[in-house]
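Below: the structure, in structure tokens.
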């Protein structure tokens, strides 16, 4: 899976906290850490403590997340998935102890002093990150889009993008409550999602106020258990051909370009770490414009896997800890 290799065998033993270890993303943290064989001293947390999670075949009892337990925890990394309010409250406590915090919530994404990272797109931003840094994980729909768009932006310079996302129930949390029935229905509104995609696209691709990409999004909740599907219409400043586009996509890290006779769908992406893309076509109605579709597991690449890949990048970049 790794976009980045694990650190050298002779390096000191890692210590990692998992904050929110019993939620959907938290348990996926444990699963991906096991798959990646990341050997470390683990300290899992949830709100009440007393639950059991398993990593690398070893059972760990969660600690209750309190100010006292956070202040007493000195580890190399903390993987956070506890929601924005708790992240704002607890991430700075961990960071004050010299911990590098990688947060999955929306708490720090808009903070100009916090990096917003997809390793395949902008890992260089955090090269040399210091102990006590807080790094934000992007929204799952943004991740599922930009892994495909980044190599095309590098080659042709993205000018405008239209997103239409079809988002799974799992993206709404452990016990989702919807304003309308979700069974046999689609709900064409997800609070805050469209604004996130507009802002995050520009931040991650390094645009400033003077050279913003025009972004518009429509986000829809669909009765699918897991994995988001995103329809993307992208206009570029430079001329392109489908042949050039496909050559770039097939080589893009973390991306799988499907053959023309296969479709990017939730059943393809489920429980996978890659972003899948296909149906790549020229848009004849607009110059230098293509259509493509991506499908990705919003709990894995859209959350847990992306955060762990950030950590792996830092491990290999020789980040020094307190």
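Quick check on this structure: which one of 113, 153, 103 is at negative phi and free of Cβ contacts under 8 Å to residues at least 12 places away in the same chain?
Details: 153 fails: free of Cβ contacts under 8 Å to residues at least 12 places away in the same chain; 103 fails: free of Cβ contacts under 8 Å to residues at least 12 places away in the same chain.
None of the others qualify; the one that does is 113.
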- Task: Please go through the stretch 169-185 and pick out each residue that is loosely packed, with under 12 Cβ neighbours inside 10 Å and either in contact with a strand residue (DSSP E or B) (Cβ under 8 Å, 6 or more places away or on another chain) or assigned to a helix (DSSP H, G or I) (or both).
- Result: 179, 180
- In the stretch 260-280, what residues are more than 19 Å from residue 32 (Cβ to Cβ) and surrounded by fewer than 14 Cβ atoms within 10 Å (Cβ to Cβ)? 260, 261, 262, 267
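Go through the stretch 186-198 residue by residue and tally those that are outside any strand (DSSP E or B) and either over 15 Å from residue 144 (Cα atoms) or not assigned by TED's automatic domain parsing to the domain that holds residue 150 (or both). Let's see the steps before the verdict.
Narrowing the stretch 186-198 to residues outside any strand (DSSP E or B): 186, 188-198.
Next cut, either over 15 Å from residue 144 (Cα atoms) or not assigned by TED's automatic domain parsing to the domain that holds residue 150 (or both) only: 186, 188-192, 195.
Result for the stretch 186-198: 7.
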- Task: Take the stretch 186-212 and flag every residue that is surrounded by 14 or more Cβ atoms within 10 Å (Cβ to Cβ) and in contact (Cβ under 8 Å) with a residue 40 or more places away in the chain.
- Result: 193, 196, 197, 199, 200, 201, 203, 204, 205
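Go through 100, 126, 117 for me and flag whichever is outside the structural domain of residue 273 (by TED's automatic domain parsing), surrounded by 24 or more Cβ atoms within 10 Å (Cβ to Cβ), at pLDDT 95 or above and under 30 Å from residue 257 (Cβ atoms). Spell out the reasoning first.
Numbers: 100 fails: under 30 Å from residue 257 (Cβ atoms); 126 fails: surrounded by 24 or more Cβ atoms within 10 Å (Cβ to Cβ).
Exactly one of 100, 126, 117 is outside the structural domain of residue 273 (by TED's automatic domain parsing), surrounded by 24 or more Cβ atoms within 10 Å (Cβ to Cβ), at pLDDT 95 or above and under 30 Å from residue 257 (Cβ atoms), namely 117.
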- Among what's in the stretch 153-168 and is surrounded by fewer than 20 Cβ atoms within 10 Å (Cβ to Cβ) and assigned to a helix (DSSP H, G or I), pick the residue that is farthest from the chain's Cα centre (by Cα). 155
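The values are calculated or read from the model by the stated rules, or taken from the named source; none is laboratory data. Keep in mind that this is a model prediction, so the values were computed, not measured. With ideal geometry, Cβ positions are generated from the backbone for all residues, glycine too; neighbour counts draw on all protein chains shown.
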